[in-house]
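Enquirer: The following block contains the structure, expressed as structure tokens.
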Amino acid sequence: MDSMYEGDTLIVDLDAGTTDQVSFDEVDEAGPGLAAGLALYEKYKDDDPLVFGSGLLTGTPVPGACLGFVLGKSPLTGEPAVAPLSLFAGAEMKLSGFSMVVVKGSSPKPVYLWLHDGVPDLEDASKLTGMDTWETTDAIRREMGESLIQVICAGPAAEAGSKLASISINYWGSGDTAALGAVMGEKKLKAVALRGLGMLDADEPEEFYAKAVELLAAASMDVGFAPVCSALGSPDLDAWLAPMKHRVRACFACPGACATFVKYNEDPAVMESSDIEEPGMLVASAAPALWLQHGGWEAEPACRAIEAMAREGIDLMRGARELSDKPLSDAGEIKSAVKVLEGTADAGWPEGAEISGGLFGPWVPPVASADAWLEANRVGYVLGICPTFLLISGMDTAGLFALCAPAAGLETGPDEIAGMFG
Amino acid sequence: MKGRTRRAAAHPAFERLKGDFLPDAPRVAIYCGDGASHSWIWFTDLLERLELFDVAFITHGDILARALDEFDILLVGGGDTYAMAGSLGREGARLIERFVTEGGLYHGSCAGAYLVLSGVDLEPFTPFSLVEGNMLNVMPDPPEPLCLAHKYLAPYGDEWVFHPVYGEVELVRGPAAEGFSAFGEAGALGAPLFGGPVLTIEDEQCILADYAGSTARAAFPWPREDADRLISGEQAVALRRLGDGTVLASGPHLEHPLFPRANELMAEAFAQHWAGRPRGTSQSRTQTPRTPAGSAPRGADGSLLEIKRQVSNARIVGFGLEKMPVTWQIGVKVWEPEKIRMFLDYTWDRLPYLDRAVGSGAPVPGGALEILAVGFSEVTGLAKTLKLKAESGQDSQAEALSLLTRLKELTASFLSLYFRLRLEERLGYDRPTLRD
């Protein structure tokens, strides 16, 4: 299955400071995407691995094909857990030239991994130590000379060993609710930076493209944050953010564009570039906003709190839940409160907060039944399609499976995918 | 883009034309000296498609040092004609003319065509006169352009050379194309015109192709109908026998890798010249002793990885620069950031071959890979410095000149090594066949 992938599996040994490209039959046989990731996790589980990977269709024009993942043992549960690589990080993971990357061991000194066009470089990260996620992202992009580099990074929370530490995708936090950021901190792995200028091959390019376009035409998710809020049963959340809303932003290849950029350091009506370098924050996940709204926060301080947590590299969902019952309004107080978060709250959504989804994190009850939610995650993480998009758009999964053959000569379906997860 | 290039390379004419250069293949020099812009690298695609691997990259200095004695074909692409002519001088003009009259083939595209027109009678061009003809796209006071202002004009004495259309134009058969199949049944083919001359050729028997108008795949500094009126029926490509040799002067870039029919026209002209060359002038390398197979030089793998690392890094920075509204004027030529990646892509796309060749024990000259690795590392540094300057709004002209000059040199060095290994493989040193 050479198509849809670039390169072999990369093994990064942080103890030795080496990288090695290998090919494993058992990983190939396990299946694409997260199925391969789980096989690698199992193979290296004694080395406390973090597995970075992408799905079969990640980085293609298939609607919602933005998803990559980080897989590792959650310090919270001791069980394997995944964090989504959304926005452009999953696609760039695929284009970086490696289908899967296993980072094992821990480095004696801070490092970051620079994956570009199939070249793996372990770079000294001493000068990044102590930097927050925003500073880290800027520093790596400046050093490598390109603002489109995707930076999966850990913030000060990870360096301090906090179990609230979450990985961050560039500046914006992530859906990591398993404290995989803390694992990066333990490994002294400050960041994984990704960029590739290559292209993906399909076995049957014309057929693949035609079918992908058909799926796109049939995708029925409206643009913006509102459809997500409605699906969560919280339509007023969109209205709550509305006064600060500047624009919506899509993950790679997603027609939904549900991430919302809010401005609170500048008039959100200003559309042209201004001199204000940090006008606001991208609200890429509904959960933290929802917790703070439920706790009685005003929207602007809530967004400032989300920014402060993202900068620290703190799990936005658990952090917001812990903050939710003590609404603040002063920016300085918000920063201080974020710095002393203790991690007392579990991951979960305001509705059905105690229901865990195991490998995939907390289940979101209003969106779908438990079975549908689990299947969307399995399909999504194997094929590289955002599960939220799958559920909300109602995209035809049979159409998705039909893409696997022209993409990579792979015949698969719901039963095969269920089988990949035992 | 790469898919389109691959499809173009699969054009069936190349398979037929390869045979026209066997068993004795010509030795080809590509000019990459003063004034050459980036388009000389396009010649390498055509030569690969024709499996002409005996290729060298030469400068004005090499020509003045009589390097042309070693070659059968000289290819000169686009760029700054003033800089080319100025650096080659009268002696360079004399040596090129002697090269042709003694049996060589000169092909000039764009600047390489302006350079050899007899009607261009202005220093430093006066001594270069290989084709009896002139250019039409000159006037003292051209109208304001509708677009592409930065590419529209070049000074020419008291007048201006101007470019009314920029992109694909249609060419039709001229009298000198008798027996050529490139024009097909329709009698026409497309080729890109990027600032090349609209020719007036005195002897109609020397006309290989006329312009027939533009296509929709072009930009129009002039209104399209005015541009078409100016170029239609005028000459696009001249072919002249001079002494024992041949001169080709082409306004459009026939060598562009996305225009296989234009490539075919050029290759047919080469083949016709090669078939008609006086016996005894072939300087084929078929008698060259085979290079013994050996093991790759020590550290070759590490150097190759370093080349890959640095070319990747530099391409990424180059891509970053492409998002910035910045250009640089070097001589009379305007350079856009896209040109940085164009150079680097020619190395990047050929690295897998080099990797396999080294792995198969190809005879890589000692130190060649290390020198390239150091050079590309320097290029990455220069590209980053250039980007920082451009981002901060400072004048980055000097940095751009340093980077583009170094890139040109390194790309030529890399391609020299690449073609050398392809030639060695063709000549058959004792090791498994390489496939790319």
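Enquirer: Please return the ranges of helices (runs of 4 or more DSSP H) entirely within the range A:192-275 where 3 or more residues are within 14 Å of chain B (Cβ to nearest Cβ).
Expert: Once the helices (runs of 4 or more DSSP H) in the range A:192-275 are filtered for at least 3 residues that are within 14 Å of chain B (Cβ to nearest Cβ), what remains is A:205-218.
Enquirer: Could you grab me the full set of residues in the range B:306-329 that are more than 7 Å from every other protein chain (Cβ to nearest Cβ), of a type in the set (A, V, I, L, M, F, W, C) and either in a helix (DSSP H, G or I) or under 24 Å from the mean Cα position of the chain (by Cα) (or both)?
Expert: B:ILE307, B:VAL311, B:ALA314, B:LEU321, B:TRP328
Enquirer: Looking at B:GLY213 and the list (1) in contact with a helix residue (DSSP H, G or I) (Cβ under 8 Å, 6 or more places away or on another chain); (2) part of a loop (DSSP other than H, G, I, E, B); (3) at positive phi, which single condition is not satisfied?
Expert: Only one criterion is unmet by B:GLY213, namely (2).
Enquirer: Looking at the range A:74-84 only, could you name the residues that are more than 16 Å from A:ASP315 (Cα to Cα) and part of a strand (DSSP E or B)?
Expert: Within the range A:74-84, A:PRO80 is the sole residue that qualifies.
Enquirer: Could you please find all residues in the range A:195-227 being closer than 22 Å to B:GLY3 by Cα, touching a helix residue (DSSP H, G or I) at 6+ places or on another chain (Cβ under 7 Å) and among the small types (Gly, Ala, Ser)?
Expert: A:GLY196, A:GLY198, A:ALA202, A:ALA212 - these are the residues of the range A:195-227 that are closer than 22 Å to B:GLY3 by Cα, touching a helix residue (DSSP H, G or I) at 6+ places or on another chain (Cβ under 7 Å) and among the small types (Gly, Ala, Ser).
Enquirer: Can you give me the ranges of the strands (runs of 3 or more DSSP E) entirely in the range B:120-201 with at least 3 residues that are at pLDDT below 95?
Expert: Once the strands (runs of 3 or more DSSP E) in the range B:120-201 are filtered for at least 3 residues that are at pLDDT below 95, what remains is B:153-156.
Enquirer: Any residue that is outside any loop (DSSP other than H, G, I, E, B) and either surrounded by fewer than 21 Cβ atoms within 10 Å (Cβ to Cβ) or at pLDDT 95 or above (or both) - is there at least one of those in the range A:346-357?
Expert: Yes, the range A:346-357 contains at least one residue that is outside any loop (DSSP other than H, G, I, E, B) and either surrounded by fewer than 21 Cβ atoms within 10 Å (Cβ to Cβ) or at pLDDT 95 or above (or both).
Enquirer: Which one of these is touching a strand residue (DSSP E or B) at 6+ places or on another chain (Cβ under 8 Å), of a type outside the set (A, V, I, L, M, F, W, C) and free of Cβ contacts under 8 Å to residues at least 60 places away in the same chain: A:ASP20, A:ASP25?
Expert: A:ASP20
Enquirer: Here are some residues: B:LEU401, B:LEU372. Which one is surrounded by 20 or more Cβ atoms within 10 Å (Cβ to Cβ), part of a helix (DSSP H, G or I) and among the hydrophobic types (A, V, I, L, M, F, W, C)?
Expert: The conditions single out B:LEU372.
Residue-by-condition table, conditions (1) more than 17 Å from B:LEU52 (Cβ to Cβ); (2) at pLDDT 90 or above:
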{"position": "B:ARG406", "(1), (2)": "yes, yes"}
{"position": "B:GLU409", "(1), (2)": "yes, yes"}
{"position": "B:SER413", "(1), (2)": "yes, yes"}
{"position": "B:LEU417", "(1), (2)": "no, yes"}
{"position": "B:ARG422", "(1), (2)": "no, yes"}
{"position": "B:THR433", "(1), (2)": "yes, no"}
{"position": "B:ASP436", "(1), (2)": "no, no"}
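Enquirer: Related question: Taking helices (runs of 4 or more DSSP H) that do not extend beyond the range B:1-104, which have at least 1 residues that are outside the structural domain of B:PHE419 (by TED's automatic domain parsing) and surrounded by fewer than 17 Cβ atoms within 10 Å (Cβ to Cβ)?
Expert: Passing ranges, in order: B:2-9, B:13-18, B:60-64, B:81-101.
For (1) aliphatic (A, V, I, L, M); (2) farther than 21 Å from A:PRO61 by Cα, each residue gets a yes or a no:
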position: A:LEU95; (1), (2): yes, no
position: A:SER99; (1), (2): no, no
position: A:PRO108; (1), (2): no, yes
position: A:TYR112; (1), (2): no, yes
position: A:LYS127; (1), (2): no, yes
position: A:MET131; (1), (2): yes, yes
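Enquirer: Among the residues of the range B:232-255, write down those that are under 27 Å from B:TYR152 (Cβ atoms) and surrounded by fewer than 24 Cβ atoms within 10 Å (Cβ to Cβ).
Expert: Matches in the range B:232-255: B:SER232, B:GLY233, B:GLU234.
To keep it simple, each residue is scored yes or no on (1) away from chain A (no Cβ under 13 Å); (2) surrounded by fewer than 16 Cβ atoms within 10 Å (Cβ to Cβ); (3) free of Cβ contacts under 8 Å to residues at least 60 places away in the same chain; (4) of a type in the set (Phe, Trp, Tyr).
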| residue | (1), (2), (3), (4) |
| --- | --- |
| B:VAL379 | no, no, no, no |
| B:LEU382 | no, no, yes, no |
| B:ALA390 | no, no, no, no |
| B:GLN394 | yes, yes, yes, no |
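Enquirer: Now for a different question. Looking at the range A:110-120 only, could you name the residues that are under 22 Å from the mean Cα position of the chain (by Cα) and within 14 Å of another protein chain (Cβ to nearest Cβ)?
Expert: Passing the criteria: A:LEU113, A:TRP114, A:LEU115, A:HIS116, A:ASP117, A:GLY118, A:PRO120.
Enquirer: Sticking with this structure for a sec: Taking B:GLU132 as meeting all but one of (1) of a type in the set (D, E, K, R); (2) under 20 Å from the mean Cα position of the chain (by Cα); (3) surrounded by fewer than 24 Cβ atoms within 10 Å (Cβ to Cβ), write down the number of the exception.
Expert: Every listed condition holds for B:GLU132 apart from (2).
Enquirer: How many of the residues in the range A:286-315 are assigned to a helix (DSSP H, G or I) and acidic (Asp, Glu)?
Expert: Going through the range A:286-315 one residue at a time, the tally reaches 3.
The values are calculated or read from the model by the stated rules, or taken from the named source; none is laboratory data. Because the structure is a prediction, the values reported are computed rather than measured. With ideal geometry, Cβ positions are generated from the backbone for all residues, glycine too; neighbour counts draw on all protein chains shown.
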